[in-house]
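Worksheet for the structure shown next.
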Amino acid sequence: MTKFEAGQELAPKTFTINRKLLIAYASASGDQNPIHQDETFAKSVGLPDVIAHGMLTMALAGKYLSDIAGSQSVIEFSAKFIKPVVVPAETDVSLIVSGKVTEVSNGTAKIELLAMCNDIKVLGMAKGLIKL
Amino acid sequence: MLNPDLVGRTFTSADSVTVTKEAIQKFAEVIGENNIEVAPPTFAISITLEQSQALLQDSGLDWTRVVHGDQRFELKRPIVAGDVFHCSSTIESARNVAGNEIVSVRSDLNSGSELVVSTWSTLVVRA
């Protein structure tokens, strides 16, 4: 079992987001909002292009937590969606997630997550609590 | 604008939702998760979102103008295939900031009397 210590930096992981993934996530999650699939619609409501579901970005950050501790160990998880992940047609967008252990106590570890896209922080205050 | 009378009210789904292995697998596949013994940490949103959507649409808000502001999950235990949930959602607050409606919705997934997952969503309805 992995040992966690406060202050420990966790290795970054890169996830690829593209239009195909947005369609797959829309189907899996039931969120068929056209801003995540239809470029014309997205632009008509003032967005620069199709944007990823915030919850897809969070799901990928959740996968990062699962890789650290196992899905069954995640007991709290929260994030703010501070910047949209813009996904142009036929483009792979890289989401880089990294983490830092901020506290270990009472059989749990707090992990602060950083999620970056094109050098822009897309999740704010992203943190998970895992059961050790 | 959201009817202020709805704030604080809890809406419980009439129908239960049964979590299938297929639903977990479909969600897991998108994020590259191979372990489907338990659902991924954010899987609950695929159940609670529909409820929040219905709630807001019934309240007269335009879902296509909704942007997700933030999200929180508390998991008492992981969701597994075979779980049967009733979802209850409460509009905890609604306020208007610079013409944008900011609505906070809490949704609980209950299996019988057992609270399994709580989710909190802040939704911003853009002016």
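Tabulated data for the structure shown
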read-out	value
Under 18 Å from the B:Glu114 label point (7 Å along Cα→beta-carbon), backbone N, the stretch B:48-75	B:74-75
Interface residues, the stretch A:57-74 - accessible area loss of 10 Å² or more versus chain alone, probe 1.4 Å	A:Met58, A:Ala59, A:Leu60, A:Gly62, A:Lys63, A:Ser66, A:Ser71, A:Gln72, A:Val74
Length added when fully stretched, A:Glu112-A:Lys131, from 0.36 nm per residue minus Cα-Cα	5.4 nm
Separation of alpha-carbon centers, the stretch A:1-31 and the stretch B:53-127, rounded to whole Å	22 Å
Cα Rg, Dmax (largest Cα-Cα span) when computed across chain B, Å	15.1, 45
Alpha-carbon centroids, the stretch B:1-34 and the stretch A:98-132: separation in whole Å	24 Å
GNM result for chain B, Cα springs below 10 Å: residue of B:Ala81, B:Ala14, B:Ala44 fluctuating most strongly	B:Ala14
Angle between chain A longest axis and helix A:54-69 axis [Cα atoms, degrees, rounded to 10]	30 degrees
Alpha-carbon Rg with Dmax, taken over the protein assembly as shown, Å	17.7, 51
Kirkwood Rh in Å, taken over the stretch B:1-57 so that all alpha-carbon pairs contribute	13.4 Å
For chain A, the fraction of alpha-carbon pairs in successive 10 Å shells from zero, as %	13, 41, 29, 13, 3, 0
Interchain or long-range residues, amide H under 5 Å from A:Gly124's placed H	A:Lys80, A:Phe81, A:Ile82
3J(HN,Hα) from dihedral phi, the stretch B:76-88, Karplus parametrisation 6.51/-1.76/1.60, rounded to Hz, x for glycine, proline	6, 7, x, 6, 10, 4, x, 4, 10, 10, 9, 9, 10
Over the stretch A:65-132: Rg over Rh, Cα atoms, Kirkwood Rh	1.05
Aspartates and glutamates with Cα under 12 Å of A:Lys100, excluding same-chain neighbours fewer than 8 positions away	A:Glu5, A:Glu9, A:Glu112
The protein assembly as shown, accessible surface, carbon-and-sulfur percent (1.4 angstrom probe)	50 percent
Computed E for B:Ala127/B:Val80 - FRET, C-beta separation, R0 30 angstrom, nearest 0.05	0.10
Nearest-0.05 FRET efficiency for A:Ser44 and A:Ile120, computed from C-beta distance (R0 30 Å)	0.80
Amide N of the stretch A:103-127 lying under 18 Å from the label point, which is placed 7 angstrom from the Cα of A:Ser94 along Cα→Cβ	A:114-123
Given 11 as the ceiling on other Cβ atoms within 10 Å, longest exposed-site-free region of chain A for GluC sites (Glu not before Pro) in DSSP loops	A:6-89
Distance between modelled label sites at A:Thr102 and A:Gln32, nm, 7 Å Cα→Cβ extension	3.8 nm
Charge dipole magnitude, Cβ of K and R +1, D and E -1 - the stretch B:57-127, Cα centre, debye nearest 20	180 debye
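The values are calculated or read from the model by the stated rules, or taken from the named source; none is laboratory data. Here the structure is a predicted model, which is why all the values come from computation and not from measurement. Methodologically, a virtual Cβ is constructed for each residue, glycine included, from the backbone with ideal geometry; neighbour enumeration extends over all protein chains shown. Just the protein is used for accessible areas: all its heavy atoms, side chains included, with ligands, DNA and RNA removed. Shrake-Rupley method; radii C 1.70, N 1.55, O 1.52, S 1.80 Å.
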